[in-house]
Structure formats: structure tokens, C-alpha cells
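Q: Take this structure, written in C-alpha cells, and hold onto it; I'll ask about it next.
The values are calculated or read from the model by the stated rules, or taken from the named source; none is laboratory data. Model, not experiment: these values are computed from the prediction. Backbone-built Cβ (ideal geometry, glycine too); neighbour counts: all protein chains shown. Only protein heavy atoms, including side chains, enter the accessible area calculation; ligands, DNA and RNA are left aside. Shrake-Rupley method; radii C 1.70, N 1.55, O 1.52, S 1.80 Å.
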Amino acid sequence: MANALKVFSSYQYAKTTGKPLQWGLPFNISIEPTTACNLRCPECPSGLRSFTRDTGMMKNGLYGNILDQLQDTLVYLYFYFQGEPYLNPSFLDMAQTASLRGIYTVTSTNGHFLDDERARQTVESGLSRIIISIDGTTQETYESYRKEGNLEKVLDGARNLVKWKKQLKSATPHIIFQFLVVKPNEHQIPEVYKLAQEIGVDEVTLKTAQIYDFEHGNPLIPQQDEYSRYAKQPDGTYQIKNKLENHCWKLWHSCVITWDGLVVPCCFDKDAKHRLGDLKTQTFQEIWQGEPYQDFRTRILRARNEIDICKNCTEGLKVWA
């Protein structure tokens, strides 16, 4: 709580003065178990195989070093960025290690690796929350976005989790069906709630889709405006709804660490272009208070709309990325 108060206070000071003061350490970080993925989703760099950075898996030694440095201030640990976490064979061991240290652990998965044994191991790991991507309630609709995916396999995985939670009398993980709303599936929103109830899933969340090529329209942009990040203009073009004000909470309370130890500002830097430090050669404290990080915070406070990854950012919208 003391660390969180420091972080929040410094953020408010920075917003007011325009000076990138930073107290405390992040209490919310995302770690990337791997950049590899089994699917080919059309708006995802992992799915498109479009990264310029290397594909790989985080090693236990690097992960342990990160946890040792941040465990005293860390509250939330997200095991996802790009790629499918379950492809890293050490992922559940990582989750268990953090859970045993009292950290709230979350992952997001496409759900194709939750066979009976892996589902049991997931429950036993102490993972606090699991987000399963369900972007359609029929195979035809589902695979229109989740290319090469198998909906029934994903639903069976969810059933396995529900079964093992009951058998092991475990309150965790909290199971979420996440429905990425795009034009081909928006008519199935009521059905995903019904499906979740039938299986015994704890929650359904609706997520807006980040579209890379949105300015002149895109077949994935939903017709229901409340589920779109983009607003149609009088001339027929589209603009992001976010006003891109010159501040960003994420730069003060969180960060993303790639599979190979690079620290980047947030989840919108998918190709890790804005590299603020490298945990293989620096401590986290050195990076967090270092010149590259402070320079990036200064740019955010002065002209956020001039930073490439910020131009398609939903920070501040009703439904976040």
C-alpha cells in the first residue's frame, strides 16, 4: 500500500506539472512467457508471424530474477503479452511460484491446451484468474477470427477447468470467457453469455478490437458503436475515440517484460520497438528510474499523439485493451 501510494502520488504530480517524477515501483506487470502461438489471428503479430524481434520462451532463471526484484511491491502479475502462454512448458511452475509469494496471478489463453491433466495442474498451480478467448459461439464464426482454431476443443478445456475446481474444492482460478467483439461475431453476444452459464464459467467480458488499418473502415469494425474503438467521421473515415490526453497511468504503475528480458512501456508496443532497458544486463530499479524511461514519460507528458504506439491506444476508453 505504501508503494502504491507513492506511485499514485508521483503520477498526479507529473500530470499537474508535466515533470516525469516517479516514486516507487510498479505494482502491476505483464510477463511474456513466449511469443509463439498455435493460431493465426488476423490482427495479432503472433498470429501474422510479423514480428521483427525473435520468437522464444522465457527461461526460469530470468523469471526468478525478475520475481526476486519485484515481489515486495508486486500485486498483480499478468502472464501474457504476445503468444500463447501454455506453449511455455514452465508456465504453470512460474504461476505457482508467484502465487506462493502472495501475488495475484492472471493469464490469457486461446484455450487449446487445457486437456484434463493440464486443467488439473492449472487449478493446483494457484493461478488466480484465467481469461479464455471465445470469439464466436459456432465453429464457423469462431474460426473467422481465430484462424486454425477449434472451438469445441476450447469449450472442452473450459469444462475441464470447471470440473477440477469442483473436485479440488478450489475457488481459483476465476474463469472468464473473453469475447472480442468484431463485425462477424457481434450478433452472438447473447449466445456467449448463455454458453458460459451452461458450462459454469464465472464471468463473461466483452473486449473491443484493436484494428491496425482502421482509417478507411475495416470489415472487422462492429456495427454496434459501443463495441468499437473507432468512430465514423462525416467524410466516411474513422478515428479512434480516445482523445489521447498527455498523460498515461500505465507509465507509472505497470510495464511489460518480454520473454528475453526487455522492458517496454505497455502492451501496445507489441514488437518491442521502445526498449527502455534489458534485465539481462540491468536491474529493474536501474531501468525504471533510468534516462530512457524518464525520456519516454516526458514525451508522453508533452505530446502523446506523436508517439506511434499511442496513436491506436484505448487508455481512457470505457472498454480497455
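Q: Just one of G64, G83, G102 is part of a loop (DSSP other than H, G, I, E, B) and open to solvent by less than 50 Å² (accessible area, probe 1.4 Å); which is it? Show your work before the answer.
A: Details: G64 fails: part of a loop (DSSP other than H, G, I, E, B); G102 fails: open to solvent by less than 50 Å² (accessible area, probe 1.4 Å).
One residue alone meets the criteria, G83.
Q: Can you tell me which residues in the stretch 86-97 are open to solvent by less than 30 Å² (accessible area, probe 1.4 Å) and either closer than 17 Å to T258 by Cα or modelled with pLDDT under 95 (or both)?
A: First, the residues of the stretch 86-97 that are open to solvent by less than 30 Å² (accessible area, probe 1.4 Å): 86, 88, 90-92, 94-95.
Correct list: Y86, N88, S90, F91, M94, A95.
Q: Moving to a separate point now. Go through D213, D202 for me and flag whichever is under 26 Å from P42 (Cβ atoms) and free of Cβ contacts under 8 Å to residues at least 60 places away in the same chain. Quick ask: steps written out before the conclusion?
A: Numbers: D202 fails: under 26 Å from P42 (Cβ atoms).
On inspection, the qualifying residue turns out to be D213.
Q: Another question, if that's okay. Of everything in the stretch 149-166 that's without any contact (Cβ under 8 Å) to a residue 40 or more places away in the chain and over 17 Å from V182 (Cβ atoms), which residue is least open to solvent (accessible area, probe 1.4 Å)? Outline the logic, then answer.
A: Taking the stretch 149-166 as the starting set, the residues that turn out to be without any contact (Cβ under 8 Å) to a residue 40 or more places away in the chain are 150-152, 162, 166.
Those still in the list that are over 17 Å from V182 (Cβ atoms) too: 150, 152, 162, 166.
Values: N150: 73, E152: 94, V162: 15, K166: 153 Å².
Top of the filtered list is V162.
Q: Just to verify a result, which residue in the stretch 32-42, among those that are in contact with a Phe, Trp or Tyr (Cβ under 6 Å, 6 or more places away or on another chain) and either among the charged types (D, E, K, R) or in a strand (DSSP E or B) (or both), is surrounded by the fewest Cβ atoms within 10 Å (Cβ to Cβ)?
A: This residue is T34.
Q: Working carefully through the options G149, G126, G157, find the one that is within 20 Å of Y193 (Cβ to Cβ) and either in contact with a Ser or Thr (Cβ under 6 Å, 6 or more places away or on another chain) or not basic (K, R) (or both). Explain how you work it out, then say what you get.
A: Numbers: G149 fails: within 20 Å of Y193 (Cβ to Cβ); G126 fails: within 20 Å of Y193 (Cβ to Cβ).
Step by step, each of G149, G126, G157 is checked, and only G157 is within 20 Å of Y193 (Cβ to Cβ) and either in contact with a Ser or Thr (Cβ under 6 Å, 6 or more places away or on another chain) or not basic (K, R) (or both).
Q: Within the stretch 98-118, is even one residue at pLDDT below 95 and of a type in the set (D, E)?
A: No, the stretch 98-118 contains no residue that is at pLDDT below 95 and of a type in the set (D, E).
Q: Okay, moving on. Output yes when any residue across the stretch 12-20 is closer than 21 Å to V264 by Cβ, open to solvent by 20 Å² or more (accessible area, probe 1.4 Å), assigned to a loop (DSSP other than H, G, I, E, B) and among the small types (G, A, S), and no when none is. Please lay out each step first, then the result.
A: Taking the stretch 12-20 as the starting set, the residues that turn out to be closer than 21 Å to V264 by Cβ are 14, 20.
From the residues that got through so far, the ones that are open to solvent by 20 Å² or more (accessible area, probe 1.4 Å) too are 20.
From what's left, assigned to a loop (DSSP other than H, G, I, E, B): 20.
Pick out the ones that are also among the small types (G, A, S) and you get none.
For the stretch 12-20, residues closer than 21 Å to V264 by Cβ, open to solvent by 20 Å² or more (accessible area, probe 1.4 Å), assigned to a loop (DSSP other than H, G, I, E, B) and among the small types (G, A, S): absent.
Q: Follow-up. Considering only residues that are of a type in the set (A, V, I, L, M) and surrounded by fewer than 23 Cβ atoms within 10 Å (Cβ to Cβ), look in the stretch 67-80 and name the one that is farthest from I132 (Cα to Cα).
A: Quick first cut of the stretch 67-80, residues of a type in the set (A, V, I, L, M) only: 67, 70, 74-75, 77.
Okay, now just the ones that are also surrounded by fewer than 23 Cβ atoms within 10 Å (Cβ to Cβ), so 67, 70, 74-75.
Working: L67: 25, L70: 27, L74: 24, V75: 22 Å.
Among those that are of a type in the set (A, V, I, L, M) and surrounded by fewer than 23 Cβ atoms within 10 Å (Cβ to Cβ), it is L70.
Q: Give the stretch 122-141 a look and list any residue that's outside any strand (DSSP E or B) and crowded, with 18+ Cβ neighbours inside 10 Å, or say none.
A: Step one: of the stretch 122-141, the residues outside any strand (DSSP E or B) are 122-128, 134-141.
Of everything in the stretch 122-141, those that are outside any strand (DSSP E or B) and crowded, with 18+ Cβ neighbours inside 10 Å turn out to be T122, V123, S125, G126, L127, S128, I134, D135, G136, T137, T141.
Q: For residues that are open to solvent by less than 20 Å² (accessible area, probe 1.4 Å) and in contact with a Gly (Cβ under 8 Å, 6 or more places away or on another chain), tally how many sit in the stretch 178-202.
A: The qualifying residues number 2.
Q: For the stretch 167-177, which positions are surrounded by fewer than 17 Cβ atoms within 10 Å (Cβ to Cβ) and not basic (K, R)?
A: In the first step, residues of the stretch 167-177 are kept if they are surrounded by fewer than 17 Cβ atoms within 10 Å (Cβ to Cβ); the result is 167-171, 174.
Those that are surrounded by fewer than 17 Cβ atoms within 10 Å (Cβ to Cβ) and not basic (K, R): Q167, L168, S170, A171, H174.
Q: Criterion first (among the charged types (D, E, K, R), within 17 Å of T172 (Cβ to Cβ) and either surrounded by fewer than 20 Cβ atoms within 10 Å (Cβ to Cβ) or touching a strand residue (DSSP E or B) at 6+ places or on another chain (Cβ under 8 Å) (or both)) does R146 satisfy it?
A: Values: among the charged types (D, E, K, R): yes; within 17 Å of T172 (Cβ to Cβ): no; either surrounded by fewer than 20 Cβ atoms within 10 Å (Cβ to Cβ) or touching a strand residue (DSSP E or B) at 6+ places or on another chain (Cβ under 8 Å) (or both): yes.
So R146 fails the test.
Q: Another question, then. Which one of K270, K232, K280 is more than 23 Å from F51 (Cβ to Cβ) and open to solvent by 30 Å² or more (accessible area, probe 1.4 Å)? Full working, then the answer.
A: Working: K270 fails: more than 23 Å from F51 (Cβ to Cβ); K280 fails: more than 23 Å from F51 (Cβ to Cβ).
It is K232.
Q: Could we say that G111 is touching a strand residue (DSSP E or B) at 6+ places or on another chain (Cβ under 9 Å), without any contact (Cβ under 8 Å) to a residue 60 or more places away in the chain and in a helix (DSSP H, G or I) here?
A: Numbers: touching a strand residue (DSSP E or B) at 6+ places or on another chain (Cβ under 9 Å): yes; without any contact (Cβ under 8 Å) to a residue 60 or more places away in the chain: yes; in a helix (DSSP H, G or I): no.
No, not satisfied.
Q: So which strands (runs of 3 or more DSSP E) are wholly in the stretch 142-236 and hold at least 3 residues that are in contact with a helix residue (DSSP H, G or I) (Cβ under 7 Å, 6 or more places away or on another chain)?
A: On the way: elements: 174-181, 203-208, 230-232.
Qualifying strands (runs of 3 or more DSSP E): 174-181, 203-208.
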